[in-house]
Amino acid sequence: YAKQRGKNRVERYQKRYDELLRRHSVLENELRHAIERDQLRLVFQPVVALPSVRPVGAEALLRWHHPDLGSVRPDEFIPVAEESGLIGMLGAWVLDQACGQLAQWLTAGHDVWVSVNLSPKELHAADYAGQVAAVLDKYGVPPQRLVLEVTEHAVATDMDELIRRLVELRSTGVRIALDDFGAGYSSLGQLRNLPVDILKIDHALVAEPESRTGTAAPLVDVVVRLGHRLGLEVLAEGIGTPAQREIVEAAGCRLGQGSLFGWGVPAEHLEAQLRAGRSCGSRQVPAPRSRP
Ligand code: C2E
Ligand code: MG
Ligand code: MG
Ligand code: MG
């Protein structure tokens, strides 16, 4: 009986594993044509100054809509792109589109920067810094208007090589952000050695106050202070509620991002917000429902 049960379980795992493999290869094949078939878009999530909530920048986030598969999340397709070597092509497309959009906003007189997520694989590609410089040049974008986000995952690999790469990138004048800090990959000691400009505090640290009141405030506090002591700008990600914003603001954090201020939207939508000089996610209490 136990033997039969074990056998069933193995079969279930095998089936699940086969499904994953199949999905992976479908995604890989389809991703290969996603650019030429016009299935990719960038959305831009506002980054706001705190406490004013004025939009000061935007993070470019990749969206893939496939006619049969529907919308595939970046958390699913980015790893596929990384493993299959397609990330170089995708990343180049993202960088080009983001810089094109940034150039438009700057031309329109908006005082903004744009950040782009970078896979460790891209960072380690030959002459990546040269590619970045070429795209900036193509659109006439001042380098300091572009932020490249490197995740903590990249940090887990060869530190010396990573530092060399970041130094090279930074020599083009772009700024570097360390993404998802506090999600559990890099150590505090490593942070001191990394040539980065902006520290992005991960959702997980910011979201905690909702579940366990009081425990996150000291963590956010310490990370913000640490960032500032190291001379970095600190940006809190995933701010979803007024209570979370308060904790972040009380910690002295001056940059924020999250659903409270807006999700990623097509460039035109953010443009409208920038043009109106409107702050994202008003601080005012919404009008009561009963009022007409
Ligand atoms: P990330 O860079 O940390 O991006 C933030 C993610 O959090 C985005 O998910 C964003 O939509 C989501 N988010 C924004 N506000 C909130 C909030 O208030 N609460 C919560 N819970 N989440 C929020 P998205 O767009 O699904 O992207 C997921 C990850 O995929 C990104 O994490 C990034 O690592 C990667 N990614 C996205 N676009 C690109 C890209 O163009 N290139 C590369 N290499 N990676 C990308
Ligand atoms: Mg990011
Ligand atoms: Mg992040
Ligand atoms: Mg992330």
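A Cβ-based charge dipole, computed about the Cα centre of the stretch 111-151 with Lys and Arg at +1 and Asp and Glu at -1, lands at about 40 debye. Within the same chain, aspartates and glutamates fewer than 8 places from LYS138 are excluded, and of the rest, those with a Cα less than 12 Å from its Cα are ASP96. Surface composition of the stretch 46-162: carbon plus sulfur atoms hold 53% of the accessible area, using a 1.4 angstrom probe and ignoring ligands, DNA and RNA. Placing +1 on each Lys and Arg Cβ and -1 on each Asp and Glu Cβ, with no other charges, gives the chain a dipole about its Cα centre of roughly 940 debye.
Taking the Cα centre of the stretch 6-97 as the origin, how large is its charge dipole in debye, to the nearest 20, when only Lys and Arg (+1) and Asp and Glu (-1) carry charge on their Cβ atoms? Provide the component values of the computation, followed by the final result.
Working: 13 positive and 14 negative charges, 92 e Å.
Charge dipole of the stretch 6-97: 440 debye, to the nearest 20.
Distant-in-sequence amide contacts of GLU149, defined by a placed amide H-H separation under 5 Å and a gap of 5 or more residues or a different chain, comprise VAL116, ASN117, LEU118, ALA177.
How much accessible area per residue does the stretch 16-154 have, counting only protein heavy atoms and a probe of 1.4 Å, in square angstrom?
Details: 6290 Å² over 139 residues.
Counting only protein heavy atoms, the per-residue value for the stretch 16-154 is 45 Å².
Hey, what D do you get for the chain in µm²/s if you plug the Kirkwood alpha-carbon radius into Stokes-Einstein at 4 °C and 1.567 mPa s?
63 µm²/s
Peptides 242-255, 24-37, 135-148 ranked from most to least packed by the mean count of surrounding Cβ atoms within 10 Å: 242-255, 135-148, 24-37.
The values are calculated or read from the model by the stated rules, or taken from the named source; none is laboratory data. Since this is a predicted model, take the numbers as computed values, not measurements. Cβ sites come from the backbone with ideal geometry, for glycine too, and all protein chains shown count toward neighbours. Protein only, heavy atoms only, side chains kept; ligands, DNA and RNA dropped before computing areas. Shrake-Rupley method; radii C 1.70, N 1.55, O 1.52, S 1.80 Å.
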